[in-house]
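Take a look at the structure below.
The values are calculated or read from the model by the stated rules, or taken from the named source; none is laboratory data. All figures in this text were calculated on a predicted structure; none of them were measured in a lab. Quick reminder, even Gly has a Cβ in these numbers, built from the backbone with ideal geometry, and neighbours come from all protein chains shown. Just the protein is used for accessible areas: all its heavy atoms, side chains included, with ligands, DNA and RNA removed. Shrake-Rupley method; radii C 1.70, N 1.55, O 1.52, S 1.80 Å.
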Amino acid sequence: MAPSALVTGITGQDGSYLAEFLLAQGYTVHGLARATSTGNLERIQHLDGRVTIHEADLLDEGGLFRILHDVRPTEVYNLAAQTFVPTSWAKPVFTSEVTALGTTRLLDAIRQVDENIRFYQAGSSEMFGRAHSAPQSETTPFWPRNPYSVAKVYSHWITVTYRESRGLFACSGILFNHESPRRGKEFVTRKITRTAAKIKLGLATELRLGNLQARRDWGFAGDYVRSMWMQLQQDEPSDYVIGTGELHSVGEFVETAFAHLNLDWRNYVAVDPEFYRPAETVPLLADPSQARDRLGWQPTVEFEQLVQMMVDADLASLSQPLDTSHTDWLRKAA
Ligand code: NDP
Ligand code: GDR
């Protein structure tokens, strides 16, 4: 029988890449999407008819149970979350409901429906927060410092708890920042590449950013979703840090993006306190050696390649009119 997967957050950046990856592996792919999910359907419109969309919300445990009961997937990937750190300050209770308790709703539904279902939880490097040391590995203590990362720490430990105390095959992959042309427009990398492309096309004149000194370990989303699948194919479940082990600053990202367009970034970039967040004193930097040694996983896209891929995609999409004609099937399916 062909393996089957249920992907929560299928309309998001990672969900769309994971759905593509699983289809290529021969999986039957089911996705969970909210009734209100209207903004992001374009990320999966090219999978027209190849994935089955079920309407549900991580806030609704009855809906999760029903879908799991009907679909009976062999694997569940929990990628859905309220994912933007500043929004987690604006909506801390909502963020906890979705990003923390949503994981418990899903795990408990799995436990009731079929304990053999394998489960992947999308953890975050934000859980390390004010880390004592760099790089961070699976044994580095967490010190979350915003409502989003506190919720992710909860989800990490509830995943470990259902594994250790309930015997589920459950993995928490601790993902460092990963980007792509499908990255949400509010995140810094996409904001940079999209605005730089707009400036190149004469559609914008300025890019307003926060902390240019902030540094991140940035990789390509396509590589990270592959690691999720690899984690669920092991003999034993475990937790894995996934990242490149390389740091770059926001300023470096800006410079690389503008240089690719033959623009001097200094003529266009302004620092705006509205977007400013203090940088970590100890940087968030991955030690992905366990993933490399046990899974054989490693990133395939270098920093400069990633920036250029995103700039090129934004330039191409801004140069052509928006086509929404393919979203009808999704709305009907949901
Ligand atoms: P996105 O923000 O692109 O996607 C989030 C997804 O969650 C969307 O499909 C969204 O649906 C869905 N969602 C939000 N709230 C709910 C809800 N209440 N019920 C059901 N679905 C909901 O995130 P990414 O793809 O970038 O990230 C995937 C996962 O990996 C997330 O859990 C994120 O926290 C984690 N992660 C990501 C990192 C990164 O760098 N990208 C790094 C570390 C962890 P809708 O279309 O309706 O909004
Ligand atoms: P992050 O991603 O908070 O790391 O969370 P984001 O791209 O928002 O910020 C990265 C760094 O860039 C700095 N920055 C700005 N950020 C934004 N959004 N806008 C700006 O104008 C700006 N200027 C500077 C930030 O201060 C920060 O240091 C992402 C999300 O995908 C989470 O869900 C995930 O868990 C973590 O990555 C790992």
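Residue-by-condition table, conditions (1) over 15 Å from the mean Cα position of the chain (by Cα); (2) without any contact (Cβ under 8 Å) to a residue 40 or more places away in the chain; (3) within 11 Å of ligand 2 (Cβ to nearest atom):
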site	(1), (2), (3)
Pro92	yes, no, no
Asp108	yes, no, no
Arg111	yes, no, no
Asp114	yes, no, no
Tyr120	no, no, no
Gly123	no, no, yes
His132	yes, no, no
Trp143	yes, yes, no
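Please pick out the residue among Gly251, Gly245 that is in contact with a strand residue (DSSP E or B) (Cβ under 7 Å, 6 or more places away or on another chain) and open to solvent by less than 60 Å² (accessible area, probe 1.4 Å). So that I can check it myself, show each step before the final result.
Working: Gly251 fails: in contact with a strand residue (DSSP E or B) (Cβ under 7 Å, 6 or more places away or on another chain).
After applying the criteria, what remains is Gly245.
Considering (1) surrounded by 15 or more Cβ atoms within 10 Å (Cβ to Cβ); (2) at pLDDT 95 or above; (3) in contact with a strand residue (DSSP E or B) (Cβ under 9 Å, 6 or more places away or on another chain), say which one Ala279 fails and leave the rest.
(2)
Select, from Ser88, Ser16, Ser37, the only residue that is at pLDDT below 95, within 17 Å of the chain's Cα centre (by Cα) and not aliphatic (A, V, I, L, M). Working first, answer last.
Working: Ser88 fails: at pLDDT below 95; Ser16 fails: at pLDDT below 95.
Among Ser88, Ser16, Ser37, only Ser37 is at pLDDT below 95, within 17 Å of the chain's Cα centre (by Cα) and not aliphatic (A, V, I, L, M).
Would you pick out the residues in the range 248-302 that are within 16 Å of ligand 1 (Cβ to nearest atom) and assigned to a strand (DSSP E or B)?
At the first step, the residues of the range 248-302 found to be within 16 Å of ligand 1 (Cβ to nearest atom) are 248, 250, 253, 277, 280, 283-288, 291, 297, 299, 301.
Within the range 248-302, His248, Ala286 meet the criteria.
Lys198 passes all but one of (1) outside any helix (DSSP H, G or I); (2) surrounded by fewer than 18 Cβ atoms within 10 Å (Cβ to Cβ); which number fails?
Failing condition for Lys198: (1).
Run down Tyr224, Tyr240 and say which single residue is in contact with a helix residue (DSSP H, G or I) (Cβ under 9 Å, 6 or more places away or on another chain) and either within 10 Å of ligand 1 (Cβ to nearest atom) or open to solvent by 30 Å² or more (accessible area, probe 1.4 Å) (or both). So that I can check it myself, show each step before the final result.
On the way: Tyr240 fails: either within 10 Å of ligand 1 (Cβ to nearest atom) or open to solvent by 30 Å² or more (accessible area, probe 1.4 Å) (or both).
Sole residue among the options that is in contact with a helix residue (DSSP H, G or I) (Cβ under 9 Å, 6 or more places away or on another chain) and either within 10 Å of ligand 1 (Cβ to nearest atom) or open to solvent by 30 Å² or more (accessible area, probe 1.4 Å) (or both): Tyr224.
Name the helices (runs of 4 or more DSSP H) wholly within the range 27-143 that hold at least 3 residues that are open to solvent by less than 20 Å² (accessible area, probe 1.4 Å)?
Working: elements: 61-71, 85-90, 92-95, 102-113.
Counting at least 3 such residues, we get 61-71, 102-113.
What is the one condition in (1) in contact (Cβ under 8 Å) with a residue 24 or more places away in the chain; (2) more than 21 Å from Tyr224 (Cα to Cα) that Ser165 does not satisfy?
Condition not satisfied by Ser165: (1).
Among the residues of the range 148-158, are any on the phi < 0 side of the Ramachandran plot, more than 16 Å from ligand 2 (Cβ to nearest atom) and among the polar types (S, T, N, Q)?
no
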